[in-house]
Structures are given as C-alpha cells and as structure tokens.
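Since the structure comes first, as structure tokens, the remarks are kept for the end.
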C-alpha cells in the first residue's frame, strides 16, 4: 500500500474543530484536533478509492393489452 502526505488547515468553530485538506477539496470535523484529523484521513481514503464498476441494468420491452 502506498502512502501520501497531505496538509490540513485546522480551525475551530464553536465546540468543533474543522480539518480542511489543502491539496484536495475534502474537509471533516471532530470534537478535538486529533478527531478532526482522523476523520479527515478517513474522508480522504474514501474520496481517493478507485471507482466501483458500474453495473448496467438489463432492459426488456414488454406489451400490455389496453381496452
């Protein structure tokens, strides 16, 4: 697994700490600075996950009788 380093800007709004990644537009929050950073790490991991393959729905035509 490859690692990459990012920079976070941390600010406090009321009782919550906001962590904003400066390289990628992703942010998270927490009750402490450490919580905010840990939540930001999780958010970035999810954001950077490779996309899942799209499953195309099966299309079928059908007829009905109308009186």
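May I ask you to list the residues in the stretch 1-44 that are outside any loop (DSSP other than H, G, I, E, B) and exposed (fewer than 10 other Cβ atoms within 10 Å of the Cβ)?
Taking the stretch 1-44 and keeping what is outside any loop (DSSP other than H, G, I, E, B), we get 8-13, 16-21, 27-30, 33-44.
Across the stretch 1-44, the qualifying residue is only 13.
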Of (1) at pLDDT 95 or above; (2) at negative phi; (3) loosely packed, with under 14 Cβ neighbours inside 10 Å, residue 51 satisfies all except one. Which?
(1)
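The values are calculated or read from the model by the stated rules, or taken from the named source; none is laboratory data. Keep in mind the model is a prediction, meaning the values are calculated, not measured. No Cβ is skipped: glycine too gets one built from the backbone with ideal geometry, and neighbour counts run over all protein chains shown.
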